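All remarks here apply to the structure that follows.
The values are calculated or read from the model by the stated rules, or taken from the named source; none is laboratory data. Quick caveat, the model's predicted, so the values are computed rather than measured. Every residue, glycine among them, receives a Cβ derived from its backbone with ideal geometry; neighbour counts consider all protein chains shown.
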Amino acid sequence: MTAPTRTLRVAKPGFRARLDPARRITQAAAALVIAIVALILAFIAWRGIQLFIDAGVAVPEILSPTWQPDPDSGPTTFGLLPFIVGTLEIFVGAALIAAPLSVGLGLFMAEVAPNWARRITQPAMEVFVGIPSVVWGFLGAVLLVPVLRTNFHFTYGYSMLAGQLVVALMILPTITSLSYDAFLTVPRDMRAASMALGTTRWQAIRHVVVPAAASGVMTAIVMGMMRAAGEALAVQMVIGNRASIAFNPMSPIQTLTSAITMDMGNTTPSQPWNMALWTMGLVLLLMSLSFVLLVRRLSARRPAE
């Protein structure tokens, strides 16, 4: 009895030919996206350095604390330090407020919450994400600012703390969702092995789950800080928009994004004032790129599953 022979199927000649156009279209789309991103970055960088090339502003001058760009009001000074400090204060303060709540909620959803609670919490986070930033700013100006002014004796109510609280609410669902995903990526075998050694459920969460998901949680916090750094309208409506360096949470401040949105309608492209706004955009872009590099570094440190 002879062994059965196995017949090899040969792909039809036209099959690969049908695949090639789809591959070329995909490659062209990817190249187009990369080119668009590179052009945007190059355009912002080129416009951002015009303040130093065309207007003759020295680089150390942008680190001065004085901002006076209007030539009709006196000698012009393009100090960006108040806006840089204000931006850092807003997104770092918002992250410090939102991170404990968000990480705790993500841990609750991943490890503790029953199914019915998870079915309520997840749609609630989606609702939070869908609220426009102008609505958050309007709620902050109508509800939060009067409370700070009346009950906590803030001079104006429009302050650094108001901006931090509004932005903290805005980034809370972002950090919560990413932290929740980070906790879910921890293998169940690690929990089971820990509890098999005699630990309680809370000890396993504290000593196994949280350390294993630490890099993912840090990535979530940094992503939330990136969202806070780029926020403009909601922050502009509650921080008072005073171009001064202040470390008191009760004081009005101004950020890079709020300065750009407020001044862009008062300038023309040939003015140094307009060039300074592009320089603000370049500084903000460099901040965002720094966060992206930090996120990639934290993601690379995740333990292999």
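If the requirement is being within 24 Å of VAL238 (Cβ to Cβ) and either of a type in the set (D, E, K, R) or assigned to a helix (DSSP H, G or I) (or both), which of these qualifies: VAL103, VAL85? Steps first, please.
Values: VAL103 fails: within 24 Å of VAL238 (Cβ to Cβ).
VAL85 is the lone residue from the list that is within 24 Å of VAL238 (Cβ to Cβ) and either of a type in the set (D, E, K, R) or assigned to a helix (DSSP H, G or I) (or both).
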Check on PRO146, surrounded by fewer than 22 Cβ atoms within 10 Å (Cβ to Cβ) and at pLDDT 90 or above:
yes
Mind checking which residues of the stretch 48-64 are closer than 23 Å to VAL85 by Cβ and of a type in the set (D, E, K, R)?
GLU61
Collect the residues in the stretch 129-139 that are under 8 Å from ALA234 (Cα atoms) and either surrounded by fewer than 12 Cβ atoms within 10 Å (Cβ to Cβ) or under 20 Å from the mean Cα position of the chain (by Cα) (or both), keeping them in residue-number order.
SER133, VAL134, VAL135, TRP136, GLY137
Scanning the stretch 61-86 residue by residue, those touching a Ser or Thr at 6+ places or on another chain (Cβ under 8 Å), under 14 Å from ASP263 (Cβ atoms) and in contact (Cβ under 8 Å) with a residue 40 or more places away in the chain turn out to be TRP67, PRO69, ASP70, PHE78, LEU80, PRO82, PHE83
Report the residue count in the stretch 88-127 for those that are surrounded by fewer than 16 Cβ atoms within 10 Å (Cβ to Cβ) and either within 20 Å of SER215 (Cα to Cα) or not polar (S, T, N, Q) (or both).
17
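Does ILE239 count as surrounded by 23 or more Cβ atoms within 10 Å (Cβ to Cβ) and over 15 Å from the mean Cα position of the chain (by Cα)? Outline the logic, then answer.
On the way: surrounded by 23 or more Cβ atoms within 10 Å (Cβ to Cβ): yes; over 15 Å from the mean Cα position of the chain (by Cα): yes.
In short, yes.
Scanning the stretch 249-274 for residues that are assigned to a helix (DSSP H, G or I) and farther than 16 Å from LEU81 by Cα, which turns out nearest to the chain's Cα centre (by Cα)?
Quick first cut of the stretch 249-274, residues assigned to a helix (DSSP H, G or I) only: 256-266, 272-274.
Cutting the leftovers down to farther than 16 Å from LEU81 by Cα gives us 261-266, 272, 274.
Numbers: THR261: 18, MET262: 21, ASP263: 23, MET264: 23, GLY265: 26, ASN266: 28, PRO272: 29, ASN274: 26 Å.
Checking each candidate, the answer is THR261.
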State which residue pairs qualify: first residue free of Cβ contacts under 8 Å to residues at least 40 places away in the same chain and inside the stretch 116-145, second residue in a helix (DSSP H, G or I) in any location, beta carbons under 6 Å apart, and separation of 6 or more residues or different chains.
ARG118/MET109; THR121/MET109
Residue identified as aromatic (Phe, Trp, Tyr), in a helix (DSSP H, G or I) and closer than 22 Å to PHE183 by Cβ among PHE91, PHE138, PHE128
PHE128
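Residue-wise test of (1) over 23 Å from VAL283 (Cα atoms); (2) modelled with pLDDT under 90; (3) not polar (S, T, N, Q).
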| position | (1), (2), (3) |
| --- | --- |
| ALA3 | yes, yes, yes |
| ARG47 | no, no, yes |
| GLY56 | no, yes, yes |
| ASP72 | yes, yes, yes |
| ILE97 | yes, no, yes |
Given the conditions (1) touching a residue at least 24 places away in the same chain (Cβ under 8 Å); (2) surrounded by 18 or more Cβ atoms within 10 Å (Cβ to Cβ), every one holds for ALA204 apart from (1)
Per the filter on the stretch 159-205, residues within 31 Å of the chain's Cα centre (by Cα) and not in a helix (DSSP H, G or I) are SER159, THR185, VAL186, PRO187
Single match in ALA162, ALA124 (criterion: closer than 17 Å to THR255 by Cα and at pLDDT 85 or above)
ALA162
So, THR155, is that one outside any helix (DSSP H, G or I) and surrounded by fewer than 22 Cβ atoms within 10 Å (Cβ to Cβ) or not?
yes
Being under 30 Å from ALA193 (Cβ atoms) and either in a loop (DSSP other than H, G, I, E, B) or among the hydroxyl-bearing types (Ser, Thr, Tyr) (or both) is the filter here; which residues of the stretch 206-242 pass it?
ALA213, SER215, THR219
Of the numbered conditions (1) over 22 Å from VAL167 (Cβ atoms); (2) part of a loop (DSSP other than H, G, I, E, B); (3) modelled with pLDDT of 90 or more, ALA304 satisfies every one except a single condition; which is it?
(3)
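Step by step: first the residues of the stretch 255-299, then only those that are of a type in the set (Val, Ile, Thr) and more than 22 Å from ILE53 (Cα to Cα), then the one that is surrounded by the fewest Cβ atoms within 10 Å (Cβ to Cβ). Which residue is that? Spell out how you get there, then give the answer.
Our first condition is that a residue be of a type in the set (Val, Ile, Thr); within the stretch 255-299, this holds for 255, 257, 260-261, 267-268, 279, 283, 292, 295.
Now drop any that are not more than 22 Å from ILE53 (Cα to Cα), which leaves 255, 257, 261, 292, 295.
On the way: THR255: 31, THR257: 23, THR261: 16, VAL292: 13, VAL295: 18.
Step by step, filter the stretch 255-299, then rank; the result is VAL292.
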